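Have a look at the structure below before the remarks.
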Amino acid sequence: MRVGAGTHVGKVRSNNEDAYLIKAPLLAVADGMGGHEAGEVASAAALDALRQYEFGPGDVTEQLTEAVQAAHARVAAAVAAAPALSRMGTTLTAALVVAKEIYVAHVGDSRAYLWRNGELQLLTTDHSVAAELMRAGEIDEQTAQQHPQRHVLTRAVSAGRRPDVDIIVMDRRPGDALLLCTDGLTAHVSDAEIAAVLQQQGDVQVNAEALVQLALERGGTDNVTVVIARCERPEVIE
Ligand code: MN
């Protein structure tokens, strides 16, 4: 598996509150929030807890869920130690690529996509007010994209209650590309454009940087982070 990544503060914000983790076969992105420098503390704390989580034999879904709850506990502990950070939180979208499957754990509005044979599939559900209204059929996609609460999360890794963690399991096939990103990418770059970059089959680091650059060219209104993992073809037998 080859992995590439890029992150950028963007053209409007003064801090980059996004962060990513590459500890192959574990990958993650986190988009922190909470004002001033709290967002950076939250995303870094969550990813640090994830990095320290020790995966063993046994149920991957349970372990990934537990790893996200460890991230929640870490953020909650940071808030307990520094009450000025009480409003901080982060999204967390993590993937574990094992021999035959790709597991994704997800809280918030960052995203995981799977590119396979020219088709891009969104694996995650955005946990935002606007996205929930759209899924309920109350507003259409265009309205959701302009909705004043499109960035208000309905789930986050914060000092609040333990988050419900979505777990998505996909079979893994040679040639698959997995992309994790924060909303700073998808605010500016369409699924079709993401697919076109992954279609190039080039170096994953070049692909990741190209997508970050595209978001910047379109205005870079938010921090932007992209992690791409491509499963080698032909697949090594494990
Ligand atoms: Mn963001």
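Results for (1) more than 16 Å from the ligand (Cβ to nearest atom); (2) farther than 22 Å from V9 by Cα; (3) polar (S, T, N, Q), shown as yes or no for each residue.
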{"position": "L47", "(1), (2), (3)": "no, no, no"}
{"position": "Q52", "(1), (2), (3)": "yes, yes, yes"}
{"position": "P57", "(1), (2), (3)": "yes, yes, no"}
{"position": "E62", "(1), (2), (3)": "yes, yes, no"}
{"position": "Q69", "(1), (2), (3)": "yes, yes, yes"}
{"position": "H72", "(1), (2), (3)": "yes, yes, no"}
{"position": "M88", "(1), (2), (3)": "no, no, no"}
{"position": "L96", "(1), (2), (3)": "yes, yes, no"}
Exactly one of (1) in a loop (DSSP other than H, G, I, E, B); (2) within 16 Å of the ligand (Cβ to nearest atom) is unmet by V227. Its number? (1)
Return the residues of segment 125-143 that are buried (at least 20 other Cβ atoms within 10 Å of the Cβ) and within 16 Å of the ligand (Cβ to nearest atom); say none if nothing qualifies. D126, H127, S128, A130, A131
Look at A78 and say whether it is away from the ligand (no atom under 16 Å from the Cβ) and either touching a strand residue (DSSP E or B) at 6+ places or on another chain (Cβ under 6 Å) or among the hydrophobic types (A, V, I, L, M, F, W, C) (or both). yes
By residue number, the members of segment 102-119 that are in contact with a helix residue (DSSP H, G or I) (Cβ under 8 Å, 6 or more places away or on another chain) and either part of a loop (DSSP other than H, G, I, E, B) or modelled with pLDDT under 95 (or both) are D109, S110, G118
Among the residues of segment 155-162, is there at least one that is among the hydrophobic types (A, V, I, L, M, F, W, C) and within 16 Å of the ligand (Cβ to nearest atom)? yes
Among A156, A136, A187, which is the only one that is out of contact with any helix residue (DSSP H, G or I) (no Cβ under 7 Å at 6 or more places or on another chain), of a type in the set (G, A, S) and within 17 Å of V224 (Cα to Cα)? A187
Regarding segment 148-162, can at least one residue be identified that is of a type in the set (K, R), within 19 Å of the chain's Cα centre (by Cα) and surrounded by fewer than 18 Cβ atoms within 10 Å (Cβ to Cβ)? yes
Take the residues in segment 77-94 that are modelled with pLDDT of 95 or more and hydroxyl-bearing (S, T, Y), then tell me which one is farthest from V165 (Cα to Cα). T90
Qualifying positions in segment 168-188 - in a loop (DSSP other than H, G, I, E, B) and more than 11 Å from the chain's Cα centre (by Cα): R172, R173, P174, G175, D176, A187, H188
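The values are calculated or read from the model by the stated rules, or taken from the named source; none is laboratory data. All values derive from a computational prediction rather than experimental measurement. Cβ atoms come from the backbone with ideal geometry, glycine included; neighbour counts cover every protein chain shown.
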